[in-house]
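*Asks:* This structure is in structure tokens; I'll ask about it shortly.
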Amino acid sequence: VRAMAADPHNSTRQKDFARAQEQLGDLVIESTLPQNALDHYRKSLGIRTFMSKQEGGAGESIQDALRLNIKIARLQRRLGDIEASLQTQQTAHSLHLKQLQNAPENRELSFDLASSHAQLGELHIKLNQSEEGLREFKKALPLFETLAEAVPEDLRYSRAPGAIHNRIGDLLHTRDDLTGALGRYRIALASAESLSQRHPHNPELQRDLAICHDNLGD
């Protein structure tokens with residue numbers, strides 16, 4: 001703080017200040033008053049946003065802003081402020097889109113974007129906005145399916161479509177659309193069976209299979 005006061009336009013000191021604020025947030029979040037971390041994260045985000053405007057929106061600044069928005073959204077959800085978490089996640093989602101537009105062939109960025117759609121869906125559901133949640137899940141699904149087909153050996157990619165089908169099935173189940181839910185659960189089951197046969201000693205895949213049978217039983 002003293003260094004910033006002495007030379008507020010020094011970009012190196014601005015970066016140091018932003019980094020220190022984020023590190024304080026990371027430490028405070030584990031304390032008995034995790035809500036205090038929000039102030040540190042927001043200060044870090046504010047200075048990084050200012051720097052981004054000065055630098056013309058460099059890729060590093062986008063990554064910094066994305067990381068902080070994800071941390072803020074996660075903490076807001078933990079603190080029970082779901083509406084604020086949704087708004088922050090929407091900001092993070094727009095940054096995911098920017099990243100993917102800059103590197104459209106990057107599969108990890110595509111996975112992050114699909115995961116962001118799924119996270120938005122979960123937040124909408126917590127706010128009793130099931131239609132919006134369903135729409136986000138349906139946006140995530142083709143992205144996950146494309147990745148699963150392209151890199152079937154990556155279990156993060158290959159498990160994701162089944163998980164989304166299960167969540168869509170859950171939403172349809174709550175609406176008493178049992179035929180629709182059954183169809184989604186069966187698609188998820190087929191995927192889980194295929195993966196568990198290919199990796200018979202993976203406990204997470206066995207758990208996925210058990211969840212599918214449980215859903216179908218209901």
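*Asks:* Of all the helices (runs of 4 or more DSSP H) wholly in segment 33-133, which have at least 2 residues that are closer than 23 Å to Gln21 by Cβ?
*Replies:* Filter on segment 33-133 gives 36-55, 59-78, 82-102.
*Asks:* Any residue at all in segment 110-118 that's open to solvent by 60 Å² or more (accessible area, probe 1.4 Å) and either at pLDDT 95 or above or farther than 19 Å from Arg77 by Cα (or both)?
*Replies:* Taking segment 110-118 first, the residues open to solvent by 60 Å² or more (accessible area, probe 1.4 Å) are none.
No, that holds for no residue.
*Asks:* Pairs under 6 Å by beta carbon, first residue touching a residue at least 12 places away in the same chain (Cβ under 8 Å) in segment 169-182, partner exposed (fewer than 14 other Cβ atoms within 10 Å of the Cβ), six or more apart or different chains?
*Replies:* From residues that are touching a residue at least 12 places away in the same chain (Cβ under 8 Å), there are no pairs.
*Asks:* Being farther than 23 Å from Leu178 by Cα and open to solvent by 50 Å² or more (accessible area, probe 1.4 Å) is the filter here, so list the residues in segment 153-167 that pass it.
*Replies:* Result: Glu153, Arg156, Arg159.
*Asks:* What tally of residues in segment 1-23 results from selecting those that are farther than 21 Å from Ala37 by Cβ and in a helix (DSSP H, G or I)?
*Replies:* 7
*Asks:* So which residues in segment 12-49 are open to solvent by 60 Å² or more (accessible area, probe 1.4 Å), over 22 Å from the mean Cα position of the chain (by Cα) and among the polar types (S, T, N, Q), if there are any at all?
*Replies:* Residues satisfying the conditions are Thr12, Thr32, Asn36.
*Asks:* Among the candidates Ala84, Ala103, Ala37, Ala20, single out the residue that is among the small types (Gly, Ala, Ser), free of Cβ contacts under 8 Å to residues at least 60 places away in the same chain and within 24 Å of Pro161 (Cβ to Cβ).
*Replies:* After ruling out the rest, the residue left standing is Ala103.
*Asks:* Quickly run through segment 178-211 and pick out the residues that are of a type in the set (D, E, K, R) and within 17 Å of Leu141 (Cβ to Cβ).
*Replies:* Arg184, Arg186, Asp208
*Asks:* Please find, within segment 201-218, the residue that is surrounded by the fewest Cβ atoms within 10 Å (Cβ to Cβ) out of those that are charged (D, E, K, R) and part of a helix (DSSP H, G or I).
*Replies:* Asp214
*Asks:* A follow-up question, please. Is it true that Gln76 is open to solvent by less than 50 Å² (accessible area, probe 1.4 Å) and within 23 Å of Ser115 (Cα to Cα)?
*Replies:* Considered against the rule, which asks whether it is open to solvent by less than 50 Å² (accessible area, probe 1.4 Å) and within 23 Å of Ser115 (Cα to Cα), Gln76 comes out as yes.
The values are calculated or read from the model by the stated rules, or taken from the named source; none is laboratory data. Fair warning: this is a prediction, and the values are worked out from it, not measured in the lab. We place every Cβ from the backbone using ideal geometry, glycine too, and count neighbours over all the protein chains shown. Note: accessible area is taken over every heavy atom of the protein model, side chains too, but ligands, DNA and RNA are not part of it. Shrake-Rupley method; radii C 1.70, N 1.55, O 1.52, S 1.80 Å.
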